[in-house]
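One structure is given here, and the rest of the page talks about it.
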Amino acid sequence: MGIIPYIVVSSILFICGIIVMIARKNIIAILLGIELVLNAAALNFVAFTKFNNMNIDGHVFALFIILVAAAEAAVGLAIVIRFFQVRESIHIDSATQLQS
Amino acid sequence: MNMFLMIIFTLSAFLAVGGALSVAFAKNLIHACVYLLFSLIGVAGLYLTLGAEFVAATQLVVYVGGVVVLLLFAIMLTGGSNLHHVTSRFGLESTPLMGNLRTYIMGIVTALLLIAVLCNVLQGSISASAVVESKFSSTVEQIGVKLVTDHILAFEISSVLLLGALVGAAIIARPYRSSETEN
Amino acid sequence: MDVYLPIFLLIFIALLIIFGALILSYLIRPSNPSLIKQTAYECGELPVGTAWANFNVRFYVVALVFIIFDVESALMFPVVAVYKRFLQLGSGGAVLLSLLVFIGVLIQGVIYCWRKGDLDWIKSYRTSSDVRAKGLK
Amino acid sequence: MNETIVSYLGETLGYSFNWAGTLAIFFIASLVLASIMALIGGLGTYAERKISADIQMRYGPNRVGPYGILQFLADGVKMLLKEDCIPRDSDRFIFKLSPMLCLVGVLASLAVLPTSSGFILANLNVGIFYLLGATSVVGVGIFLGGYSSNSKWAMLGGMRGAAQIISYEVPVTLTILSIVLIAGGLSMNTLVGGQGAFPNDWYIFHNPFSFIGFFVYFIGSLAETNRAPFDIPEAESELVSGYHTEFSGMRFAFFALSEYIEVFVLCAIAAALFLGGYNIPFGLQEHGLLGQLLQLAVFFTKSFFLYYVVIWIRWTLPRMRVDHLMILCWKYLTPIALLNLVGTAVWMYCFDGKSFYMILKQLFVASGQ
C-alpha cells in the first residue's frame, strides 16, 4: 500500500472542508470546515513522513498544525460568541460592519 | 500483517471521508459537529496506520476531548434565539496591550528568559545529530528529541502563541453584565 | 501494526455488546408508547419551551482555558518523556530550562485568567460600571 | 518498544503466531477483558449498595442469591425488560448515539490497562496518553446525552458534566505529566516497571511532589467520573437525574456501565502510576505464567482497594456546590499540579532522579562510614 490512498483521502477531506467553507452561511459551520482542511494537511505531512523516508519532522509539523488548529478554534469561537451577542445571529452575511 | 493494515485503513478512511461528506451535507449543526467527531476519529485511525501513534493520540486528546467540546459549547451558546438587543463595542474598552508596570516587567522577564534559553540552546549545546539517535527508538521519544533540539524555537513560541490565544479569546468572550448595556 | 489491533477489536466488541443488548432488549421488551410517556420530564408539568436555549458564556471560558491547557500538555508529553534520558546523557539542563520557560508562559496565562475573574464561577465578572467607579483597569 | 500479549505468549511458549493466531488471541483476550470489566461494572453496583448499607447500618440487597450477590443480574434483566422511551422532541440520532460513545470510549481505553507485564493487551508507546484520549470521548458522550434529550434537567446536567469533566482533566493530565517525568516514558510497562514491589520504590513516595500528586490525581479522577462528592451532573436533589434523566432501559444501562468501568479504569491507573502497579516482591515475576498470574492478583487487589475507597468517599462526604467545584479545580488543584510538575522536574535535575528513600539511604550510609 503506497502513499496514493492517503493522498486521495486527504484531498477528499480538503475538498469537503472547502465545500463547507464556501457553501455554509453559518460561522460555526465554516469553522468546522477549517478543521477539516487543517486535518487534511496534517494527514499529508504524516503520510509523506512515512513513505518518503524522511525523519520524524513531519510528525512534529502535524503536532504544530493540531496546536494551531486548537488555538484558532478557541479564538474563532470567542469571536463568534461575541458576534452573536452583538448581532443575535451567526449568519456570515450579517457581519457587514467592522464596528457596531 | 499487511491485511490488518488494509482493513484498518479502509475502515478509518471510510469513517474519515464519510464524516467529512456528512459535515458538508448535514442539515443540523449539532449533527455536523458529531460527524466531524467521526471524521476526526477516522483521521486518528489513519495516523495509526502510518505508525504515527503520538500524533493519533494527540488528535484524540486535543480534537475529540477539546475542540469538539468547544464547538458544541459554542453552538449551545449561540443556538438559542430571541436574545434581547445587546449593543456593545465587542466589550473592548481598552486595548489589551495597555498594561501597568507589573505586566511590562513580567513581559520583559519572559522575553529575556526566552532569549537566554534560545541563545543557550541554539548556540550548539545540543543538536539532534549530537544526541545518540539510536537510544531514542520510539516515535514519541524522537518527537521529544526534535522538540527540544531542532524545533525548540517552535516549541517555545507555541507556548507564547497559546498564551496569546488564551488571553485574546478570554478578552473577546468575557461576558459583561447587562448593567453595561443599560448605561 | 498488530500492536494497534486490540484498540479496534475492543471498539468492535463494544459495538457488539451494545447492539447485542439492544437487539435482545428489542425482542423482549414491551412497547406501548403514549403521548404523555414521550414527553420530557419536567416534574409532572407539561414542558415549557425547548431546552436548547442559550447558556452562560462562563461555560465557554472554562472550555477555553481547558483547551489551552490540553494542547500545552499534549506538546509537553514528548519532551517530558525524553527528559530522564537527557539527564542520563548529561544535557538535562537545557531541557529543564526550556520546560520551565514553557510552563512559566502557561502559568502567566493562568494568572491572567485568575486575576480577571475568568476562573470564578459565580460572582465572576467585574462590570464595567464597577471598573469605572473604582477607577480600575 | 511495542509489545503485546501475543508477542509475550509467543516468547513464553516458543511459538510464532501467524495472522490468524494473532487475531484469535487478540480477540479472545479483548473479549475476556471486556467481559471482566462488564462484570466489574455490574458487581460495582452491587458493591456500592452493599457498602453503603454497611456504612448506614442497613442490610442492603440480600434476597437474590447468597448475600444478594446476584442482584446485578436481576438489575440487568430488569433493564433489558424496560420499555425504550425516547422523548418526542428529542434529537433521535444523537439520543441513540450518545450512550454508545460513552461505552465505546471506556472500552477502547482498556487496550493499555496494565494488568500484568505480559498480559497487557498492547503496550503502546503512547500508553497513558492514549488512555487520556480514549476516556475524553466519554465527556462528549455525556454532553451529547444531555443535549439530545431536549429536557431542561438533562441539558443542565450535560453542560455541567462536560464543564466538570474537561476542567478536572487539567490537573489529572498535569499530574500524569509529573509521573512521566520520573519514569521517563509513556508506555505502561515503563511507568509500572520503574517502580518496585515495596512502598519505598513506589512513585507515590518518590518525592514530596508526587505524594501530593497522588491526591490531586485521585480527587481529579473522582470528579472526572462524576462520582460523589462531585456528582453535580447527576445530583438527584437538584437535577432530577442529570444527563440521563430521559434515558431508560438499556441506554441508561450503558451510561451506568461506562461510569462504573471508568471508575475502575481510573483506579487501576492510580494504582499503576503511584502504587506500584503489578509489581510483586522477591523477583517472582521471573517464574513465567505463575508470576503473571500473581501480578494479575496484585494489580486487581490494589485496584479494588482504591475502588473501595471511592465508594467509601461517596457515602461519607456531602455533595459539593457547583461553584466550589470549579474553585477547587481551577484555584487549588491546577496550581498545585503545576507546582508539582515544576518541582518534580527540578527534583529530578538536582538529585539525579533518585527517590527520597534512596537519598535517605545514601545519607545514612555516608554518615555511618
| task | Give the residues of region B:43-57 that are among the aromatic types (Phe, Trp, Tyr) and closer than 17 Å to A:ILE4 by Cα, sorted by residue number. | result | B:TYR47
| said: Can you tell me how many residues within region A:1-31 are at the interface with chain B (Cβ under 8 Å from one of its Cβ atoms) and surrounded by fewer than 16 Cβ atoms within 10 Å (Cβ to Cβ)? | reply: 2
| query | Of the conditions (1) without any contact (Cβ under 8 Å) to a residue 60 or more places away in the chain; (2) within 26 Å of C:VAL79 (Cβ to Cβ), D:PHE304 fails just one. Which one is it? | reply | (2)
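Let's see how each residue does on (1) crowded, with 21+ Cβ neighbours inside 10 Å; (2) among the aromatic types (Phe, Trp, Tyr); (3) facing another protein chain (nearest Cβ under 7 Å); (4) within 25 Å of D:ALA253 (Cβ to Cβ):
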{"site": "D:ASP89", "(1), (2), (3), (4)": "no, no, yes, yes"}
{"site": "D:ARG92", "(1), (2), (3), (4)": "no, no, no, yes"}
{"site": "D:GLY105", "(1), (2), (3), (4)": "yes, no, no, yes"}
{"site": "D:LEU113", "(1), (2), (3), (4)": "yes, no, no, yes"}
{"site": "D:VAL137", "(1), (2), (3), (4)": "yes, no, yes, yes"}
| How many of the residues in region D:59-87 are in a helix (DSSP H, G or I) and surrounded by fewer than 16 Cβ atoms within 10 Å (Cβ to Cβ)? | 7
| query | Is it true that D:PHE252 is touching a residue at least 24 places away in the same chain (Cβ under 8 Å) and more than 30 Å from C:LEU15 (Cβ to Cβ)? | reply | no
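Being surrounded by fewer than 19 Cβ atoms within 10 Å (Cβ to Cβ) and either at pLDDT 85 or above or within 18 Å of D:ILE336 (Cβ to Cβ) (or both) narrows it down to one residue among C:GLY109, C:GLY117, C:GLY104, C:GLY90; which is it? Please lay out each step first, then the result.
On the way: C:GLY109 fails: surrounded by fewer than 19 Cβ atoms within 10 Å (Cβ to Cβ); C:GLY117 fails: either at pLDDT 85 or above or within 18 Å of D:ILE336 (Cβ to Cβ) (or both); C:GLY90 fails: either at pLDDT 85 or above or within 18 Å of D:ILE336 (Cβ to Cβ) (or both).
One residue alone meets the criteria, C:GLY104.
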| message | List pairs: first residue in region B:90-119 and more than 21 Å from B:ALA165 (Cα to Cα) and at the interface with chain C (Cβ under 8 Å from one of its Cβ atoms), second residue assigned to a helix (DSSP H, G or I) and modelled with pLDDT of 70 or more anywhere in the structure, Cβ distance under 7 angstrom, at least six positions apart or on different chains. | response | B:VAL117/B:GLU156; B:VAL117/C:LEU97; B:VAL117/C:SER98; B:VAL117/C:VAL101
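Give the number of residues within region D:116-130 that are polar (S, T, N, Q) and more than 9 Å from every other protein chain (Cβ to nearest Cβ). Break it down into steps so the answer makes sense when it comes.
Narrowing region D:116-130 to residues polar (S, T, N, Q): D:116-117, D:123, D:125.
Still in the list and also more than 9 Å from every other protein chain (Cβ to nearest Cβ): D:116-117.
Total satisfying the criteria: 2.
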| query | Does D:LEU360 count as out of contact with any Lys or Arg (no Cβ under 9 Å at 6 or more places or on another chain), farther than 18 Å from D:VAL216 by Cβ and either modelled with pLDDT under 85 or more than 10 Å from chain C (Cβ to nearest Cβ) (or both)? | reply | yes
| request: Considering every residue within region D:48-58, establish whether at least one is over 29 Å from the mean Cα position of the chain (by Cα), in a helix (DSSP H, G or I) and on the phi < 0 side of the Ramachandran plot. | output: no
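Report the residue count in region D:264-281 for those that are part of a helix (DSSP H, G or I) and in contact with a Phe, Trp or Tyr (Cβ under 9 Å, 6 or more places away or on another chain).
As a first pass, look at region D:264-281 and keep what is part of a helix (DSSP H, G or I): D:264-274.
Subsequent filtering for residues that are in contact with a Phe, Trp or Tyr (Cβ under 9 Å, 6 or more places away or on another chain) retains D:264, D:266-274.
The qualifying residues number 10.
Can you name the residue in region D:115-135 that is hydrophobic (A, V, I, L, M, F, W, C) and touching a Phe, Trp or Tyr at 6+ places or on another chain (Cβ under 6 Å) and is also surrounded by the fewest Cβ atoms within 10 Å (Cβ to Cβ) among such residues?
Going residue by residue through region D:115-135, those that are hydrophobic (A, V, I, L, M, F, W, C) are D:119-122, D:124, D:126, D:128-129, D:131-132, D:134.
Okay, now just the ones that are also touching a Phe, Trp or Tyr at 6+ places or on another chain (Cβ under 6 Å), so D:124, D:126, D:129.
Details: D:LEU124: 31, D:VAL126: 27, D:PHE129: 30.
Selected residue: D:VAL126.
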| task | Specify which of the listed residues (D:ILE261, D:ILE219) is in a helix (DSSP H, G or I), within 14 Å of chain C (Cβ to nearest Cβ) and within 21 Å of the chain's Cα centre (by Cα). | result | D:ILE261
| query | Among the residues of region B:8-29, is any within 10 Å of chain D (Cβ to nearest Cβ), at pLDDT 80 or above and in a helix (DSSP H, G or I)? | reply | no
| query | Out of curiosity, is D:GLY213 at pLDDT 85 or above, touching a Phe, Trp or Tyr at 6+ places or on another chain (Cβ under 8 Å) and under 20 Å from D:GLY276 (Cα atoms)? | reply | yes
| request: Could you list all residues from region C:57-84 that are within 9 Å of chain D (Cβ to nearest Cβ) and either touching a Phe, Trp or Tyr at 6+ places or on another chain (Cβ under 7 Å) or at positive phi (or both)? | output: C:ARG58, C:PHE59, C:ALA63, C:MET76, C:PHE77, C:PRO78, C:VAL82
| query | Listed residues D:SER117, D:SER167, D:SER151, D:SER136; which is in contact with a Ser or Thr (Cβ under 7 Å, 6 or more places away or on another chain) and either among the β-branched types (Val, Ile, Thr) or touching a residue at least 24 places away in the same chain (Cβ under 8 Å) (or both)? | reply | D:SER151
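Listed here are the residues, each with its yes/no results for (1) buried (at least 24 other Cβ atoms within 10 Å of the Cβ); (2) away from chain B (no Cβ under 12 Å); (3) under 17 Å from the mean Cα position of the chain (by Cα); (4) within 30 Å of C:GLN38 (Cβ to Cβ).
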residue	(1), (2), (3), (4)
D:SER109	yes, no, yes, no
D:ALA154	yes, yes, no, yes
D:SER178	yes, yes, no, no
D:GLY194	no, yes, no, no
D:PRO199	no, yes, no, no
| task | Among the numbered conditions (1) within 11 Å of chain C (Cβ to nearest Cβ); (2) in contact (Cβ under 8 Å) with a residue 24 or more places away in the chain, tell me where D:ILE55 comes up short. | result | (1)
| How many residues are farther than 20 Å from D:ILE51 by Cα and in a helix (DSSP H, G or I) when one looks only at region D:282-320? | 15
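Could you check how many residues of region D:10-58 are small (Gly, Ala, Ser), within 23 Å of D:LEU70 (Cβ to Cβ) and touching a helix residue (DSSP H, G or I) at 6+ places or on another chain (Cβ under 8 Å)? Write out each step before concluding.
Here is the first cut: in region D:10-58, the residues small (Gly, Ala, Ser) are D:10, D:14, D:16, D:20-21, D:24, D:29-30, D:34-35, D:38, D:41-42, D:44, D:47, D:52-53.
Okay, now just the ones that are also within 23 Å of D:LEU70 (Cβ to Cβ), so D:34-35, D:38, D:41-42, D:44, D:47, D:52-53.
Narrowing the set further to residues that are touching a helix residue (DSSP H, G or I) at 6+ places or on another chain (Cβ under 8 Å) leaves D:34, D:38, D:41-42, D:44, D:47, D:52.
Selection size over region D:10-58: 7.
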| Counting only residues that are in contact with a Leu (Cβ under 8 Å, 6 or more places away or on another chain) and facing chain C (nearest Cβ under 7 Å), which one in region B:141-154 is surrounded by the fewest Cβ atoms within 10 Å (Cβ to Cβ)? | B:ILE152
| The one condition in (1) under 22 Å from D:ALA253 (Cα atoms); (2) at pLDDT below 75 that D:LEU13 fails to fulfil | (1)
| task | Take the residues in region A:49-85 that are more than 7 Å from chain B (Cβ to nearest Cβ) and polar (S, T, N, Q), then tell me which one is surrounded by the fewest Cβ atoms within 10 Å (Cβ to Cβ). | result | A:ASN53
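The values are calculated or read from the model by the stated rules, or taken from the named source; none is laboratory data. All values derive from a computational prediction rather than experimental measurement. We place every Cβ from the backbone using ideal geometry, glycine too, and count neighbours over all the protein chains shown.
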